Amino acid sequence: MIIELMDDDQGGDLMYKSNNSLRNITFAAIFAAIDYILAMFQIHIPSPIGRPFIDLGYTFVVIGTLFLGYKYGLISGIIGLVLFDLLNGYAAHTYLTVMEIVIIASVGWLMFKTMHFSPKISKIILIGIATGLSKIIAGFLRYVIEGLIIGMQGKKLIAMAALSMPASIVTGIAMFVTVPLFFNFLNKVMKIVIPTN
C-alpha cells in the first residue's frame, strides 16, 4: 500500500495505499532486501532440532505486509528470507520458512484489516504482540515438522520441539517491540519521502 491515502477511522494518522504496481514492486524489493540483510545478523542458540537463530527478518515481514498490503508484503517476505535460506545453508528447510512467513503475515494483515488499517501506535503494538505470538507458535510447528522428518514421535517429539523453542520465543518477544518501533519510524519517513500535499 503506498500513496492513495486513507484516513484512520478516528481521524488520526494516514495509511498509504496505491494501485501503482511498479511502485509496489519497487517497495517490495526494498523490503525483501531488508528482510535478507536483517536475517544475516543472527544469534544462534543450541538446539536439539534444527539450527535456530534469533533475527529481525520476521519483523520486516510484518512491516512490509502493513505497508504494501498482503500480496506484496507476503511476496517480499518470502523472497527475502527464502533467498537468505538458499544462500546460507538452510535450503533444505525453505518450505518451513515459507510456512512461518505465511502464518505471521496472515495474522498481521488480518489484524490490520480488522483495525481498519489504522496506523495508531496502540493498534500497531497489538499487531506486534499478535505477530510475535504467531512467530512463537509457527516456530513450534516448524520444530514439530522437523522432528517428524527425522523420525521422532510422541512425547519425545513434543519435548524436543519445546527444547528447540528459545530462538523463536526471543524473536517473537522482540517483535512485540520491534514491529511498532520500526512501523512508527517508517510511517514518519514515508510521509517525508512521499508528501501528501
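The values are calculated or read from the model by the stated rules, or taken from the named source; none is laboratory data. Values in this document were obtained by computation on a predicted structure and should not be read as measured data. Note that we place each Cβ from the backbone using ideal geometry, even for glycine, and neighbour counts take in every protein chain shown. The accessibility values were calculated without ligands, DNA or RNA, using every heavy atom of the protein model including side chains. Shrake-Rupley method; radii C 1.70, N 1.55, O 1.52, S 1.80 Å.
Let's see if you can work this out: charge +1 on each Lys and Arg Cβ, -1 on each Asp and Glu Cβ, no other charges. What is the dipole magnitude of segment 71-197 about its Cα centre, in debye to the nearest 20?
Here segment 71-197 has a charge dipole of around 400 debye.
Among the lysines, which fall within straight-line cross-link reach of LYS191, defined as a Cα-Cα distance under 27 Å, with same-chain neighbours fewer than 8 residues apart omitted?
Correct list for LYS191: LYS17, LYS71, LYS113, LYS120, LYS123.
If I compute solvent accessible area with a 1.4 Å probe over the protein chains, what percent of it on segment 50-112 is carbon and sulfur?
In segment 50-112, the share of accessible area belonging to carbon and sulfur is 76 percent.
Just the Cα atoms of segment 86-190: what Rg and Dmax do they give in Å?
My reading of the Cα-based Rg and Dmax gives 15.9, 50 Å.
Bin width 5 Å, alpha-carbon pairs only: give the P(r) of segment 61-145 as whole percents, running from 0 to the bin holding the largest distance.
3, 16, 25, 23, 17, 10, 5, 2, 0
Tell me the per residue accessible area of segment 45-197 using a 1.4 Å probe; a whole number in Å² is fine.
For segment 45-197, the solvent-accessible area averages 45 Å² per residue.
Highest mean first, what order results for 63-69, 183-189, 23-29 on Cβ atoms within 10 Å?
Packing proxy ranking, top to bottom: 63-69, 23-29, 183-189.
At 4 °C and 1.567 mPa s, grab the translational diffusion coefficient of segment 122-173 from Stokes-Einstein with a Kirkwood Rh over Cα pairs, rounded to a whole number in µm² per second.
112
May I ask you to order 171-179, 141-149 by the average number of other C-beta atoms within 10 Å around their residues, highest value first?
171-179, 141-149
What ³J(HN,Hα) values, in whole Hz, does the Karplus curve 6.51 cos²θ - 1.76 cosθ + 1.60 give for segment 65-74 when θ = phi - 60°, with x put for Gly and Pro?
Values per residue, Gly and Pro as x: 5, 5, 7, 9, x, 4, 4, 5, x, 5 Hz.
Using a 10 Å cut-off on Cβ atoms, rank the peptides 129-138, 109-118 from the highest mean neighbour count down.
129-138, 109-118
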